[in-house]
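Report on the following structure.
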Amino acid sequence: MRARFKDLCLDAADPQVSGTFWARVLGGDLVDLGDGDTRVDDPGGPGPASIWVNRVPEPRTVKTRVHLELRMAGADPAELVAAGARVVRAPDREIEWWVLADPDGNEFCVFAAGPDTSPGPMELVVDAAQPERLARWWAGVLGGDVEITGWDAASLIGAAGFPFDEWIFNPVPEGKTVKNRMHWDVDLDEPEPSALVRAGATLLREPDDAVRWWVLADPEGNEFCVFTPGPTQ
């Protein structure tokens with residue numbers, strides 16, 4: 001089985017508003033998909049760093065379990081707030097970063113860029129009950145190396161197609177209760193994802209008249225979409 005990280009997807013009440021915000025924050029291009037949804041691309045076009053912003057009827061009701069971490073120019077997120085973000089938490093004795101929320105309420109973390117780093121997305125963070133176990137599961141799917149941090153999180157580095165510096169699996173006490181507002185897609189070189197199911201994924205939906213892809217969940221219930229060669233691509 002060979003698989004690659006494909007891109008990100010974000011649920012939103014208003015994809016135009018959320019897409020415009022993320023395009024501005026990430027310095028990307030906003031693409032109107034013509035069906036009410038939008039996509040945020042790098043200036044070079046669609047790719048693994050793209051974010052598909054999809055309209056959903058249900059509002060966000062719980063803490064975001066999958067989020068991006070960004071570097072910003074300067075030490076104050078005033079430009080992000082001007083773009084439509086809301087400050088959830090400022091740096092304090094416990095954390096050295098800012099926690100913001102996008103116009104739909106999805107939280108993301110922001111760090112000041114250092115002298116040797118550039119502003120932009122740096123990490124994808126996933127809440128997990130067993131971070132090392134989940135990181136190693138995804139390493140088995142996409143490749144890469146797993147490292148354990150000082151706060152018992154697990155970091156996956158070098159996963160195939162992954163566009164950010166690190167993929168962090170962060171320990172949390174609470175379990176997953178609702179569909180994630182952000183998820184990722186995977187390209188698979190096989191006609192159907194039976195190998196992923198044998199490895200421990202759960203099949204949630206097969207391709208049908210409405211969707212051309214497979215919907216699965218990883219061992220902790222995080223939804224992800226799988227694109228295969230042929231008719232479902």
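The values are calculated or read from the model by the stated rules, or taken from the named source; none is laboratory data. The structure presented is a predicted model; accordingly, all values stated were derived computationally and were not measured. Virtual Cβ from ideal backbone geometry, glycine too; neighbours counted across all protein chains shown. Note: areas computed on protein heavy atoms with side chains; ligands, DNA, RNA excluded. Shrake-Rupley method; radii C 1.70, N 1.55, O 1.52, S 1.80 Å.
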At a 10 angstrom cut-off on C-beta neighbours, averaged per residue, how do the peptides 202-213, 97-108 rank from highest to lowest?
97-108, 202-213
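Leaving out ligands, DNA and RNA, and with a 1.4 Å probe, what % of the accessible surface on the chain is carbon or sulfur? Can you show the working numbers first?
Numbers: 5850 of 11230 Å².
Result for the chain: 52 percent of the exposed heavy-atom area is carbon or sulfur.
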Point-charge dipole on Cβ atoms (K/R +1, D/E -1) for the chain, about Cα centre, debye to 20:
320
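In debye, nearest 20: dipole of the range 189-233 around its Cα centre with unit charges on the Cβ of K, R (+) and D, E (-)?
It works out to roughly 20 debye.
Suppose we keep just the DSSP beta bridges with both residues in the range 115-232; what percent of those would be antiparallel, to 5? Walk me through the intermediate numbers first.
Numbers: 14 of 24 bridges.
For the range 115-232, the DSSP antiparallel bridge percentage is about 60.
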Skip the ligands, DNA and RNA, and give the accessible area per residue of the range 114-219 with a 1.4 Å probe, whole Å².
49
Where the centroid of each part is defined by its Cα atoms, how far is the range 158-233 from the range 40-86 in Å?
20
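If you take every DSSP beta bridge whose two residues both sit in the chain, what share of them, in percent to the nearest 5, is antiparallel? Walk me through the intermediate numbers first.
Values: 42 of 61 bridges.
If I count the DSSP bridges inside the chain, around 70 percent turn out antiparallel.
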Within 10 Å, count the other beta carbons around each residue, average over each peptide in 157-164, 110-117, and list them highest first.
157-164, 110-117
Is any residue of the range 120-161 close enough, with backbone N under 19 Å, to a label point placed 7 angstrom from the Cα of residue 190 along the Cα-Cβ axis, and if so, which?
136-144, 160-161
